[in-house]
Amino acid sequence: MLEIAAATALLLVAVWAQWGLQWSNRFGTWCLYRGRRTACRAAIVSLNVHPNPYAGSAAARMRIRLLADEARTSLAISELEGLVSSAILMKPLNSAQMIDIWVNAGKYRAAILAPRRFRWGLLRRHLPDLCEIANINRAEALHNIGRNDLALKLLTRTPRANPISVSGGAMLEAWILADEGRTDAARALYRSIDARPLCPYYWSETLYTRALIELSAGEYDLAFVSVSDGLARAIRVSSERNGLFLLGRVEALRGNLDRAIAHYEGARRHRYRGQSARGLFELGQLYERQNRPAAARSVYAQAIEEDAESVAATRCHERMAALASEGVTADAE
């Protein structure tokens, strides 16, 4: 019996050594993308003790992604910079796999320049699917700094063989088109998208894209329904916050300023603080409409602190300068 137990134990160890890395990585990713954070932590522990030399990097990437998912953005960025600085041979892979972390934290230039900084030449040749997804994230970074022309150009020239890249890239392109007021083009593109390859982690964003198109078309009631549906499906903390900002925009366009401000303030207080300047700029504009310059300045200052590299933060700088030149310091009674 002892020999059988020992043989069984050795077999299990051998199986774990051979397949444990792949299983733990897939299981942890599956759990993370479905909001099962405790199970994801267990997968990280399994990766950390696995004998495969690449398991440590896999565990570090998953931990960074979990930290970002929990809105612990500063720690996630700190650990990401440590990861890409220490694992020399893994720099291209690590940077491409984690590029969305830079974007979510508002480090847009780091994301845009990653291929040059980390030398993606071989990566493009051997892992084209990964580079496709990374380029979609880089296009989002370009959009956030106000370079929609370059974002659309990057999306157009990026080959999309992976179903996730096809759906995700088209979704971002439709978002940018709607944001520019090109409603018909955005709607036609959106209707052609097969969202099934996207996991539930991103389903909210598909509904927010539809809402933005509806806002662009003046269909405010439909947009309200789409955003509400997206909030109900939100798994990511960023999706919760983004939905509140978008609800604020919907209510502002419907003329319900008090409701709009309530939603914007809910987003402002949310624990996720990345990519916030656009929403905060819109809130500041509402405060200015209510003749509340002190409240507007406070919001603009927060936007600049939290999302300094964005084009919206530049607009906040401009509005703060304009308010200062007007010499109005206190809100109207």
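Condition first: modelled with pLDDT under 95 and β-branched (Val, Ile, Thr). Now tell me which residues in segment 163-182 satisfy that.
Hits for segment 163-182 are 164, 166.
Quick one: how many residues across segment 109-122 are surrounded by 15 or more Cβ atoms within 10 Å (Cβ to Cβ) and in a helix (DSSP H, G or I)?
Residues flagged as surrounded by 15 or more Cβ atoms within 10 Å (Cβ to Cβ) and in a helix (DSSP H, G or I) within segment 109-122 amount to 6.
Which one is surrounded by the most Cβ atoms within 10 Å (Cβ to Cβ), of the residues in segment 123-145 that are more than 26 Å from residue 274 (Cα to Cα) and in contact (Cβ under 8 Å) with a residue 12 or more places away in the chain?
Restricting to residues being more than 26 Å from residue 274 (Cα to Cα) and in contact (Cβ under 8 Å) with a residue 12 or more places away in the chain, the top hit is 123.
How many residues, within segment 286-297, are assigned to a helix (DSSP H, G or I) and farther than 27 Å from residue 208 by Cα?
4
In this structure, does residue 38 turn out to be in a helix (DSSP H, G or I) and at pLDDT 80 or above?
Against the criterion (in a helix (DSSP H, G or I) and at pLDDT 80 or above), residue 38 qualifies.
Please give the number of the condition residue 51 fails out of (1) buried (at least 20 other Cβ atoms within 10 Å of the Cβ); (2) over 19 Å from residue 36 (Cα atoms).
(1)
Being within 22 Å of the chain's Cα centre (by Cα) and β-branched (Val, Ile, Thr) is the filter here; which residues of segment 181-209 pass it?
193, 206, 209 - these are the residues of segment 181-209 that are within 22 Å of the chain's Cα centre (by Cα) and β-branched (Val, Ile, Thr).
Pick from segment 71-105 the residues that are among the acidic types (Asp, Glu) and surrounded by 15 or more Cβ atoms within 10 Å (Cβ to Cβ): which of them is nearest to residue 121 (Cα to Cα)?
Applying the filter and picking the extreme gives 100.
Being buried (at least 20 other Cβ atoms within 10 Å of the Cβ), free of Cβ contacts under 8 Å to residues at least 60 places away in the same chain, under 21 Å from residue 33 (Cα atoms) and in contact with a Gly (Cβ under 8 Å, 6 or more places away or on another chain) is the requirement here; does residue 62 meet it?
yes
Of the residues in segment 86-108, how many are in a helix (DSSP H, G or I) and touching a helix residue (DSSP H, G or I) at 6+ places or on another chain (Cβ under 8 Å)?
Count: 15.
Run down 222, 247, 212, 283 and say which single residue is at pLDDT 95 or above, under 17 Å from the mean Cα position of the chain (by Cα) and assigned to a helix (DSSP H, G or I).
The conditions single out 212.
Considering only residues that are out of contact with any Phe, Trp or Tyr (no Cβ under 9 Å at 6 or more places or on another chain) and aromatic (Phe, Trp, Tyr), which ones fall in segment 191-233?
203, 220, 224
Of all residues in segment 192-209, which are within 19 Å of residue 33 (Cα to Cα) and part of a helix (DSSP H, G or I)?
200, 201, 202, 203, 204, 205, 206, 207, 208 - these are the residues of segment 192-209 that are within 19 Å of residue 33 (Cα to Cα) and part of a helix (DSSP H, G or I).
Would you confirm whether any residue within segment 134-141 is in a helix (DSSP H, G or I) and more than 15 Å from the chain's Cα centre (by Cα)?
Among the residues of segment 134-141, not one is in a helix (DSSP H, G or I) and more than 15 Å from the chain's Cα centre (by Cα), which makes the answer no.
Just to be sure, is residue 189 assigned to a helix (DSSP H, G or I), at pLDDT 85 or above and surrounded by 21 or more Cβ atoms within 10 Å (Cβ to Cβ)?
no
The values are calculated or read from the model by the stated rules, or taken from the named source; none is laboratory data. Bear in mind the structure is a predicted one, so any value in this text is a computation, not a measurement. All Cβ positions, even for glycine, are placed from backbone atoms using ideal geometry, and neighbour counts span all protein chains on display.
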